[in-house]
Amino acid sequence: MTATNKPLSLSSSSLTNQIKPGAEEEFLKIASMSPAERLHMQMLQSMGLTEEDLAAMDPEARKAIEDEISRRILEDVTNNADAEPGSLVDMMA
């Protein structure tokens, strides 16, 4: 029951209406990425950037960001050489 004493409806159509538009497309986009692509996206997100932001940058700025991503990945791999496979990348997507 809800606060208005009406039964709570959990039909698939009501749940579908609550999902924001584009969520399915976003999920499919991420699910189709390789682990390396997801890691790259996660690194960009941690820097507050998107692929679109990166594409809009001048070549010098883009190279600086790509170099920083490479440095971070190398650092993560080096510091976690004995980590379990998949621990550096979100394998759930």
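Rule-based calculations on the coordinates, nothing more; no lab input. None of the values given here were measured: they were computed from a predicted structure. Here Cβ is always computed from backbone atoms with ideal geometry, including for glycine, and neighbour counts include all displayed protein chains.
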Checklist entry - Length gain on complete extension for the stretch Asn80 to Met57, per 0.36 nm per residue less the alpha carbon to alpha carbon distance? => result 5.1 nm
Item to check | Estimated inter-spin distance, Arg71 and Ser46, nm [label 7 Å along Cα→Cβ] | outcome: 1.3 nm
Checklist outcome for this item: With R₀ set to 30 angstrom, the calculated FRET efficiency between the beta-carbons of Ala64 and Glu25, to the nearest 0.05, is 0.45
Checklist entry - Å³ per residue of the Cα convex hull, for region 20-78? => result 92 Å³
